[in-house]
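Notes follow once the structure below has been shown.
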Amino acid sequence: MKILITGGTGFIGKELCKRLLQRGAQLTVLSRRPETVAERCGDQVAGLGSLAALTADDHFDAVINLAGEPIADARWTERRKRLLWESRVTLTEQLVDYFSRAQAKPKVLISGSAVGYYGDGGDRVLDEASAYTDDFSHRLCAAWEQAALKAGDYGVRVCILRTGLVIGKNGGFLQRLLPPFKLGLGGRLGDGRQWMSSVHRNDLIRMIEHLLDSPGSSGAYNGTAPHPVTNREFTQTLAKVLKRPALLPVPALVLKAALGELSVLLLGGQRVIPKRFLDEQFEFEFDTLEQALTDVLAV
């Protein structure tokens, strides 16, 4: 199977490449530095510098679209919002433009999104059919998804993966939390009642494989483990696994002053369940947060 991956050099993408190579797939990874792709993703992986370089004769059986600038790395200035939009929505539009001119269309597009699609959901349990709260994260994810769904106009099966916080070794959001927590200086954010929906990276990659291998699967799927927790519970569980105290909460006012609109992402939350994966009998290796953290932080 020939597969094109965007975001293939990232925290999720590199591990996905390893898994797909084990399956015998032929991989091409889009990267701003295509000359580094083989070193970062595997000697057998080809680098592609621009989607514009693809011609009508180029063919892929599947496309996995994981590209996107990290959403929580900097304050949401207007410039930062444009970068987040271009790296997700605009790039996905470019992918679909390639589909429009490709003589042989991919059979499936698996395209990233995030649980931010739902906005701040409060205490509501959210499945793929739930209503959303309108904010920047929702508008960004909704536009991203709509751009991907247009691939359906060309006969491409489209699956949208609304990913939660991804837990894995050597990267991701957990990497930023570990230094203060290892020193016993961690704590909840605000009142700690906001919900956090996470997933072990191995399970997320298995979800992508499930969608790749299931011709009857299409539409939006929540890429999260089945047991979301509050920020307070997350903090307590991380401290327990690290065998450290977690006694220094960060007040909401401090986060709002330091991060501006971005603080909404940290002080709000989504209580998400992966209903469609569960309905399709997907079996998680790491059902709970404690299982995921214990695996990732094991020495």
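Every number in this text was worked out from the coordinates using simple rules, so none of it is lab data. Nothing here was measured: the structure is a model prediction, and the numbers come from that model. We place every Cβ from the backbone using ideal geometry, glycine too, and count neighbours over all the protein chains shown.
Numerical summary
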{"item": "Selected residue (criterion: surrounded by the fewest Cβ atoms within 10 Å (Cβ to Cβ)) from residues of segment 250-281 that are part of a loop (DSSP other than H, G, I, E, B) and touching a strand residue (DSSP E or B) at 6+ places or on another chain (Cβ under 7 Å)", "result": "I273"}
{"item": "Complete set of residues in segment 43-70 that are under 22 Å from M207 (Cα atoms), assigned to a loop (DSSP other than H, G, I, E, B) and touching a residue at least 24 places away in the same chain (Cβ under 8 Å)", "result": "V45, F60, D61, L66, A67, G68"}
{"item": "Scope segment 46-70; condition of a type in the set (V, I, T) and surrounded by fewer than 20 Cβ atoms within 10 Å (Cβ to Cβ); matching residues", "result": "T55"}
{"item": "Segment 71-116, residues that are of a type in the set (D, E, K, R) and not in a helix (DSSP H, G or I)", "result": "D73, R75, K105, K107"}
{"item": "Test result for R139, farther than 30 Å from D57 by Cα, without any contact (Cβ under 8 Å) to a residue 12 or more places away in the chain and either of a type in the set (K, R) or buried (at least 24 other Cβ atoms within 10 Å of the Cβ) (or both)", "result": "yes"}
{"item": "In segment 29-42, the residues that are surrounded by fewer than 21 Cβ atoms within 10 Å (Cβ to Cβ) and either in a strand (DSSP E or B) or of a type outside the set (A, V, I, L, M, F, W, C) (or both)", "result": "R32, R33, P34, E35, T36, E39, R40, G42"}
{"item": "Residue, surrounded by the most Cβ atoms within 10 Å (Cβ to Cβ), within segment 1-22, restricted to residues that are in a loop (DSSP other than H, G, I, E, B), on the phi < 0 side of the Ramachandran plot and of a type in the set (G, A, S)", "result": "G8"}
{"item": "Close pairs from segment 233-258: first free of Cβ contacts under 8 Å to residues at least 24 places away in the same chain, partner part of a helix (DSSP H, G or I) and surrounded by 13 or more Cβ atoms within 10 Å (Cβ to Cβ), Cβ under 6 Å, at least 6 apart", "result": "K256/S263"}
{"item": "The listed residue being under 30 Å from D61 (Cα atoms), more than 19 Å from the chain's Cα centre (by Cα), of a type outside the set (A, V, I, L, M, F, W, C) and not in a helix (DSSP H, G or I), out of G216, G186", "result": "G216"}
